[in-house]
Amino acid sequence: MNNNHKLIALIGLLVLEMVQNSVASVVSTGDFNKDFFVIWSPSHVNTSSDGQTRSLKLDQESGSGFSSNQMFLFGQIDMQIKLVPGDSAGTVVAYYLTSDQPNRDELDFEFLGNVDGKSYILQTNVFADGFDNREERINLWFDPTKDFHTYSILWNLHQIVFMVDWIPIRVYRNHADKGVGFPRWQPMSIKISLWNGDSWATNGGRDKIDWSKGPFLASFGNYKIDACVWKGNARFCRADSSTNWWNKERFSSLTSTQKRYFKWVRKYHLIYDYCQDNQRFQDKLPKECSLPKY
C-alpha cells in the first residue's frame, strides 16, 4: 500500500470514529440564513438561494463577516472552507469561537494568504481569560483553494482539538488544576471573516495585498454545529449526558489513530510553536508548555 492509500485509509478510520461516537445533538440547520447573521458589510456577503453556501469578499472598500445566532459552551464545530485562490498575500480568513468579553475566551483558525505559488499558512491561537500569545503555525499539506476542506474544533471539559479533515493539528489540554487558563465557563459564538491583514499576515507584513488581483473571495458550506446551546446555566453544558457526548471520558484524549496523525503533523508541517520560542518568552515558557498534551 503506497503512502496516499495509507493516508486515505487512516482518514477513513478517523471519520468512522467520529460518526460512531456522535449522537443526535446537532443544532445546525445547514442554512446560513437561519443559523448566522451578517455582522460586516452585507454587500460583500453572498449566500446561495438555498442557504447552503456562502462567500465573503474583500476589496479596497471593505472586508466582510458573519456570526452565529446562538452561543455555545462545549461541543464540536465543523466548517467546510475553500480559501482565496491565486495571489492571496495579505489576506486573512478567520474562523473562530469567541466570547466577546473583556477577559474573553477565543479559539482561532486564521488562514494567512500567500504570494502565488507558495503554500497557505494556518495559524491557530487560544485565548483563556483574556490572555493569548499561544500561536502555532503549520503549512497545509494540500492546496486549500482548489476544493472545500473541513476545519473543526472539538471543545470539551478535557481538551480543545483543532482538526483539518479530521486530522488533529493542535491539542490544548485542560490543566486548570495546575493554574493554566482554559476556556470552560464563557459561552462563545462562531464568527467568520475575510479581511486585510497585510500589516503582519504574509512574510511578517512585507508582502502586501495586490489589489489588482482582487476582489478576493472565500467560500463556506456544509457546516455542522454539534454543541450545547447556551441557556444561561453552565451546569447543563458541563453535564456528562448522552446529548453532551463530547464530555464523555472517551473524548478526554486523542485516540491512538489521532495520536499518529498528530505526531505526523508536528514532525512534517509545524513551522512555529510558541512553546518552542524561548527568545520570545525570555526562557520563561508558559506553564502549559511543560505539561502533557494528552
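Here are a few things to note about the model shown:
- Top-ranked residue in the range 212-238 [being open to solvent by 40 Å² or more (accessible area, probe 1.4 Å) and not in a helix (DSSP H, G or I); ranked as nearest to residue 85 (Cα to Cα)]: 217
- Condition check for residue 152: touching a residue at least 12 places away in the same chain (Cβ under 8 Å) and not in a strand (DSSP E or B): no
- Residue within the range 44-66 that is of a type outside the set (A, V, I, L, M, F, W, C), open to solvent by 50 Å² or more (accessible area, probe 1.4 Å), closer than 14 Å to residue 192 by Cα and without any contact (Cβ under 8 Å) to a residue 12 or more places away in the chain present: yes
- Among (1) touching a helix residue (DSSP H, G or I) at 6+ places or on another chain (Cβ under 8 Å); (2) open to solvent by less than 10 Å² (accessible area, probe 1.4 Å); (3) within 26 Å of residue 207 (Cα to Cα), the one test that residue 87 misses: (2)
- Residue 97 buried (at least 20 other Cβ atoms within 10 Å of the Cβ), over 15 Å from the mean Cα position of the chain (by Cα) and in a strand (DSSP E or B): no
- Scan the range 125-149 for residues that are closer than 25 Å to residue 184 by Cβ and in a strand (DSSP E or B) and the total you get is 6.
- Cβ separations smaller than 7 Å between residues 6+ apart or across chains give the following pairs from the range 249-276 residues that are more than 21 Å from residue 74 (Cβ to Cβ) and among the aromatic types (Phe, Trp, Tyr) to residues that are open to solvent by 20 Å² or more (accessible area, probe 1.4 Å) and in a strand (DSSP E or B): 272/137.
- Top-ranked residue in the range 131-145 [being without any contact (Cβ under 8 Å) to a residue 60 or more places away in the chain and not acidic (Asp, Glu); ranked as farthest from residue 182 (Cα to Cα)]: 142
- For the residues 280, 266, the requirement of being assigned to a helix (DSSP H, G or I) and either surrounded by 15 or more Cβ atoms within 10 Å (Cβ to Cβ) or on the phi < 0 side of the Ramachandran plot (or both) singles out 266.
- Where residue 249 falls short, out of the listed (1) open to solvent by less than 60 Å² (accessible area, probe 1.4 Å); (2) closer than 18 Å to residue 159 by Cα; (3) modelled with pLDDT under 95: (1)
The values are calculated or read from the model by the stated rules, or taken from the named source; none is laboratory data. Just so it is clear, the structure is predicted and the values come from calculations on it, not from any experiment. Using ideal geometry, Cβ is built from the backbone for each residue, glycine included, and neighbour counts are taken over all protein chains shown. These accessible areas exclude ligands, DNA and RNA; they are computed on the full protein's heavy atoms, side chains included. Shrake-Rupley method; radii C 1.70, N 1.55, O 1.52, S 1.80 Å.
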